[in-house]
1. Report the relative contact order of region 13-98, percent, no decimals, based on alpha-carbon pairs under 8 angstrom and at least 6 residues apart.
2. How far is it, in nm, from the label point at Gln83 to the one at Ala176 when both lie 7 Å from their Cα along the line to the Cβ?
3. Of the options Thr23, Ile46, Val187, report the single residue whose Cα projects farthest towards the positive end of the charge dipole of the chain (beta-carbon charges: Lys, Arg +1; Asp, Glu -1).
4. Enter the mean projected area of the convex hull around the alpha-carbon atoms of region 13-98, in nm², rounded to one decimal.
5. Going down the table (Lys30/Lys116; Lys108/Lys129; Lys80/Lys116; Lys30/Lys80; Lys80/Lys108), which pairs top 27 Å between alpha carbons?
6. Using only the alpha carbons of region 99-166, what is the convex hull's orientation-averaged projected area in square nanometres?
7. In whole Hz, what ³J(HN,Hα) sequence does region 119-132 give by Karplus (6.51, -1.76, 1.60; θ = phi - 60°), x for Gly and Pro?
8. Counting only DSSP beta bridges with both residues in region 13-98, what percent are antiparallel, rounded to the nearest 5?
Amino acid sequence: MAYHSSGKLTIPLDIPDVDIIGTEITRDGKYIIEVESRLETTPCGICGQAIKCSYGHGAEVELRHLPILGYESYIRIRPKRGQCLSCLHEPTTTQVVGWYEQRSPHTKAYDRYLMKQLIGSTIEDVSRKEKVGYDAVMGAIGRQVAVEVNWEEIENLGTVGIDEIALKKGRKEYAAVITARQDNGEVRILAVLEERKKR
Ligand SMILES: [Zn+2]
């Protein structure tokens, strides 16, 4: 292991295909990390063919990301835009990348992190501890329900756990989080299922 005396750490951002173009710590202790996508193309929103992203940028978005040394962190990005010259009226498309969904206020990594926080906890607790709105936590659950498992990424099933999350206080609506603990101790989310009644 190499030791550095500068008192600085280099930690991986865990976001593929981006360059960090700036970082900032706000007065209230939030890390803002400004990034730019390295990817040059995106599928046209109409015909699906890969188009070059040379049509400027869309509006800046700020996405909640994994905490850094206990501080809230946010990824700031101005998504690239491309124009399809084959489609009628030459429509423009905002670049789609794998690490966040458009209209989501979180990175996918943060959505998964929230699911782990919800295990054995309530939505109200997680909302309070993480300082995210109740609806933002619900949104994260909704996006996870739709996610399909990439089984190739799961080394082995190890210990499979099923945990219930109470969706609404006082109402008997639950979601179930299915997790697998890997040999290295990492907990992977296999699925989030909606269920109406506690079994
Ligand atoms: Zn097109």
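1. Details: 179 pairs, mean separation 23.8, N = 86.
Averaging sequence separation for qualifying contacts and normalising by length gives 28 percent for region 13-98.
2. Reported label-point gap for Gln83 and Ala176 is 5.2 nm.
3. The residue sitting most towards the positive pole is Val187.
4. Taking a quarter of the hull surface, the average projection is 6.0 nm².
5. In this structure, Lys80/Lys116 exceed 27 Å between Cα atoms.
6. Projected area, direction-averaged: 5.1 nm².
7. 5, x, 9, 10, 4, 4, 4, 5, 4, 5, 5, 8, 6, 10
8. Of those bridges, close to 80 percent are antiparallel.
Coordinate-derived values only; no laboratory data. The shown structure was predicted, so the numbers you read here are calculated from the model rather than taken from an experiment. Please note: Cβ atoms are built from the backbone with ideal geometry, for glycine as well, and neighbour counts cover all protein chains shown.
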